[in-house]
Structures are given as C-alpha cells and as structure tokens.
Amino acid sequence: MLKKIFAAAAIFLLFIGLPAYALADAKPIEIYINGQKVDSDVPPVIVNDRTLAPVRVISENLGAQVAWDNTNRLVKVATASKNITLKIDDKKAVVDGQEITLDAPATIVNDRTLVPLRFLSESLGADVTWDNDQRRVVINSGKTKITGFSYEVVDGKPAVVIMGDGPLNYSEVNTDIEGKFAIDVEANLGTKENVFDVDSEFLDKAIAGEISVDPPTARIVLNLKSAASPKISSSSDKKNLYLTFDTVLKDVTAKKDDGDLKVNIEAADSCTINYFLLSNPDRLVLDIKNIKLGEKTSVDTPDNDFVENIRLGQFSDDTVRVVFDLKKDAAYQVSQNSSDISVVFSKIDTITNIEVTNQGGVAFIDIDADGKINYEFTEGKNKKKFKLTAYNAGLGEDLANSGTINVNNGVIDRIEFSKIKDGNASNLEITFYAASYSTGQLLSNSPSSLIRLEMYPSQTAAEGLLTGKKIVVDPGHGGSECGALANGVQEKDINLGIGLKLAKVLEDNGAEVYMTRDDDTYVGLYERANMANDLNADLFISIHSNATTGSTPSGTETLYYPTAEKKLLAQAVQKALISAINLNNRGIVERPGLVVTRETKMPSVLVEVGFMTNPNDFALLMDDSFRQRAAEGICQGIIDYFSQKTD
Ligand SMILES: [Zn+2]
C-alpha cells in the first residue's frame, strides 16, 4: 500500500505548494501521448488513486480546445464532436449533456488546472494505460499523425512524399480547378513543414493543411504547372504515400565539337539511364527510365564521322529510348549529372592490319594500329584459345569486312574479332584459336601502335579442362516443333544457334560433345534423354528461349529436376551464365515435370537464356556476339561444376 501513502503525501505537499516528488523517493509521473513525452510545468499528481494532469497540455495533444469560465469556475474541453465541462473542486462533470460523477474533482495547482487524466483522455476517445515500472501514463489517441512532408526522388521519379507514424488512408479530392490536385489523408498534421516551393517542370508548390480535427484530416494540395497529374501509391506498410510524376524529356541536341560529336539530353528532372551496344547494324542504345517523351520527338544530326542518325521513341510506358546509328567504331562517353545526360563520340584508334608469318613452327603475329593502343594478352585455361583485348579500339574497314581470318598454318586455326562494351569504352577482343595446345606470348609493350606476339605448340600438351568429359548439348525443339514464336522468329532457330556455339566452346575445352540435333530436325523428348543415357554421358544440357504474355518479363533462368546433383549443376551454370551475359537473374527453378531433365540419368539442366517476348532480351538473343557469350558462360558453368567436384 505504498502507493496510498505516497498519494496521501502528495495531497499534503500539494497544499504547501511543493512538487510532490520533492520529498519523496519515487520518480515523478511521466505522460506519453502517441509515443511522445508530454512536458508540463506542473507535474501530474495522484489523488484518491486517480492521476490528475494539466488540462490544457493533455487536451491540445489530443486535438481538443480548452476554454476557462472564470465566473463559474468551469473548464470546457471541446472537439468537433465532443463537449466536456468540469467544475473546479466538484466531482460532477458533464459530457455531451450527460452528468457524470468523478472519483476526484478538477483542481487548481500553481495556477494550472489539473483534471482526472483517464476521464479526460477516454472522453476524447483515447486509450489510457498505466506503466507501473516506468511510472508512466501512456495515452494513445489511435489516430495517425503525419510526420513528414517532402519533395524528393523516389525510385528515379520525382515525388511528393507524405510520411505517417501509422498507415495513411487517403481519398482523392475532386478540386475542379485547373492545375490543382488534392487528396485528403486521415491523419493529424503533425509535421511543421507544410508548405514548400518546388522548382520542377510539373509542380509549383505543395501545401498540407488540417481541415478537420475530428476525424483528423489533412488535405494535401499540389499546385501543378502543367496538365500532368501525379500517380498516388503507398509503401507496403502504408506508412508512406507517394504522389509521383513521370519526368519529361525536354530537349536533345547534337553538335560538332572539334571533330567530336556532342549530344546533350535534357530531362525535366533527374532520371535513371542504362546504355549498351547492339550490332548488325551497329547501334548505341541509351534507355532513360521513368520518363515520358515531351514535344521533342526528333533530333537534327549534323554531318559527322560517327553517327548517321539519332532516333527517339517512347520504348515502354516509362522508358524513352535514344538510338544512335553508328557509322563506324567510335569511342563514346556517356555521363550524367542529375537531369543532364551527355553522350560524346570521338575518334577511336583502329586496328588496320593483322599479319601472320610462320617461321619454323612458330607463328609470329603483327598487329598494326593507327594510334597507340592499350592492350592485354591472356592465355586461355586450356591453352587452345588466346585473347588480346585492345582497349578503346576499333576495327579497320578491311578487317571488319573480312570477319574471321582463317589462318590454318598448323599453329593457328583462325582469328576472330568481337566488340565488347566495358563501362564507357568500346573495346575490341581478338581471339586466336590454336590448332593444338600451345604457348603464346607478347613481344611488344602496351601501349603501342605495333603489337607483336608469338605462338607455338606446347612441348607438353596441357589438358583441356573438360578433357575426358562426354557432354550432350540439346538445342530445344526443332523441325515441325517450333517452340515459342515472337517477332516472326521461331525459338528452335535461336536455340540451335546458341547450341552450336556451345558445342564448339565445349570442344575447345577438350570435351567430347554430342548434339541431340545440329540442324532443323524433329527429335522427341524421350529420344533426347535416351540418347544421353545410351552414351553414358557425363552431362546433359538443354538450351531454350523463354516467352510469355506481356513484354516486361526478362532474364535468364536454369531449370532442373530436383536431385542434389542436378541442383548443383543448375547453380553453377546459372551463376556463370549471368556473369557472362549480365541479363536479369531469375535464378534456378525446380521443375519436376520436364522430360529431358527428369529422364536423363546424369546431371542435366535446361537453360532458358532470355525472353523472346522482351524487346531487349530478344535483340540480344538475335545477336551473334551475345550468343557466343552465352555459350561461353554455360561452358564456364560446366567447368565450375566439374571443378568443384574435384576440389
Ligand atoms: Zn522451349
């Protein structure tokens, strides 16, 4: 009964004008409303087991107004729907015309009116609990408060953001006024920032105001500059509301600058970009996300050495695509500063000639360039493939036209070229395929305009990483069975294209490769699996291309029949393939129903390289260098799979 004694002391102390806690050991009572500590100059006191607290600070924190009738010594507390009257030192109170008897009357301490806290809070619709350990009265009005109001970029789109301490319910207000957009949010306006000016293409000003206390309602009004209207969305916990705008592409200009071509793209607000090269014909593609095409729909391209034409289009609902049709290899640099994007094309050093001479079983390779080129030479793991990467370099017209150089001099079979995008640069990769296991080394130093290297058969032939492995490559569909169809292209042809390249890459790594089909013929599903089983193959890999309704889904996935071994293979292939082709990673997928992976006794997977129904994936699936990268990625996955078994 310590509390009673303390309460009695509190009343006594109250009359001699000292704070209740001054002589007592107990901690003073704290009041929390909606999670916030409420401070008052007069602390709460306990009378007859009831906590009394200053009427004004509590009422106002619960959204009510307080009036004082001095003549009658009455305290009046009111909201839109509630009227409470208390008389000082009188246990009778009136709530909405009903008389109620209190355990403790309202009283005056140090010129402050104290009223029974629970009675007042509950009359105002709040929930009251007592935390004895903390000596804390916790009041929860159950009403959400707006805690933040700002203008920022969310997921690449400019947005007015309204933050609440709980879920925010809203309704759109029909303003009927040109250039005004409004919503009502069921919450108290707790934030201090409730007006801000915006320097944006769409928005002039955003204003938040309280239009009702009970129920608590805040109105958010946007003064729009254009006819654009924002989209409303909520975060998953509904605590954040977003009024989002699509940026508009304002201008695109191209001008010549000292031999370079400079293209400036101006968006109304900051945006996200992605760019890549496509070949046949050569194009640089720049996608600008979260943006709509404005009035600018075409670009005047001045006569220049690099770009034939610049095209603009609304590629998808929120993406504008800018396509640069390239005349020839150019160095290009894409940079972005918020809403300004710049693309600069300049002269690239080109490799003009490659000459191979054979001296006593050693092949000497001389590579001429029209400028000093930075380069790197790497020896393939299996010693049958060598790579020279020339940075920021292009290919001279004669070489570009000849494509592959067939050497067949006993040391080198052939030389192939491919352009690769690496960050901001356009690099050239020259691959030397050796006739047998070989050694290669550079005879020149980088950078140089004359690159010299030698290759000769190894004294001790290295083993290929897949030597001794029997692998079945299964290009999906074929013959009368076409697979998916998109943009007039049949899936079977894409699968065969990648499958043939995969077979070649696997062979280059020493594998013994069999194909279920190497041309456009029909082969049954069980026949495919049986072929691999009869061969007692070490591994089976099926190549497919995905398709679905809608153009959004994209990326790569690897399907497997659920056994531990097949899952390991799927993981290795998916991982290496993604790192080689860099498409959206859809992961590995357990698929017990697929005949070719279920019926094959050895580790087997089915790869869906990309989506024919996605424009970006489709363009890549049709691209020869992409197919080569996919084949190399799958092969690397297979090498990784076998090597983790021997580790
Ligand atoms: Zn298929």
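Brief remarks follow.
- The number of residues in the stretch 451-487 being within 25 Å of Val523 (Cβ to Cβ), at pLDDT 90 or above and among the charged types (D, E, K, R) comes to 3.
- Only one of Val595, Val605 that is at pLDDT below 95 and either more than 23 Å from Gly497 (Cα to Cα) or open to solvent by less than 40 Å² (accessible area, probe 1.4 Å) (or both): Val595
- Any hit, the stretch 425-440, residues being within 40 Å of the chain's Cα centre (by Cα), within 16 Å of the ligand (Cβ to nearest atom), surrounded by fewer than 19 Cβ atoms within 10 Å (Cβ to Cβ) and part of a strand (DSSP E or B): no
- Residue list for the stretch 273-302, filter: surrounded by fewer than 17 Cβ atoms within 10 Å (Cβ to Cβ), closer than 30 Å to Glu397 by Cβ and in contact (Cβ under 8 Å) with a residue 40 or more places away in the chain: Phe276, Ser279, Asn280, Pro281, Asp300, Pro302
- The combined condition, being assigned to a loop (DSSP other than H, G, I, E, B), more than 30 Å from Ser643 (Cβ to Cβ) and in contact (Cβ under 8 Å) with a residue 24 or more places away in the chain, is fulfilled by Lys328.
- Look at (1) open to solvent by 70 Å² or more (accessible area, probe 1.4 Å); (2) among the β-branched types (Val, Ile, Thr); (3) in the same structural domain as Lys27 (by TED's automatic domain parsing) and you find that Val128 fails only one, number (1).
- Enumerated strands (runs of 3 or more DSSP E) restricted to the stretch 356-400, each holding at least 3 residues that are in the same structural domain as Leu450 (by TED's automatic domain parsing) and hydroxyl-bearing (Ser, Thr, Tyr): none
- Helices (runs of 4 or more DSSP H) contained entirely in the stretch 467-584, each with at least 3 residues that are over 20 Å from Met622 (Cβ atoms) and within 16 Å of the ligand (Cβ to nearest atom): 525-535
- Among the conditions (1) closer than 24 Å to Ala64 by Cα; (2) touching an Asp or Glu at 6+ places or on another chain (Cβ under 8 Å), the only one that Lys192 does not satisfy is (2).
- Taking strands (runs of 3 or more DSSP E) as the structural unit, those lying wholly within the stretch 209-286 and holding at least 2 residues that are closer than 27 Å to Ile146 by Cβ and of a type outside the set (Val, Ile, Thr) correspond to 217-224, 231-234, 240-244.
- Residue in the stretch 401-416 that is of a type in the set (Asp, Glu) and touching a helix residue (DSSP H, G or I) at 6+ places or on another chain (Cβ under 8 Å) present: no
- Lone qualifier among Ala218, Ala206 - being closer than 30 Å to Val77 by Cα, out of contact with any Lys or Arg (no Cβ under 9 Å at 6 or more places or on another chain) and at pLDDT 85 or above: Ala218
- Cross-chain or 6+ apart pairs with Cβ under 7 Å, the stretch 311-322 first and part of a strand (DSSP E or B), then among the aromatic types (Phe, Trp, Tyr) and open to solvent by 50 Å² or more (accessible area, probe 1.4 Å): Arg321/Phe315
The values are calculated or read from the model by the stated rules, or taken from the named source; none is laboratory data. On a predicted model such as this, the values are computed, not experimentally measured, just so you know. Methodologically, a virtual Cβ is constructed for each residue, glycine included, from the backbone with ideal geometry; neighbour enumeration extends over all protein chains shown. The protein model used for the area step is the full one, side chains on, heavy atoms only, and it has no ligands, DNA or RNA in it. Shrake-Rupley method; radii C 1.70, N 1.55, O 1.52, S 1.80 Å.
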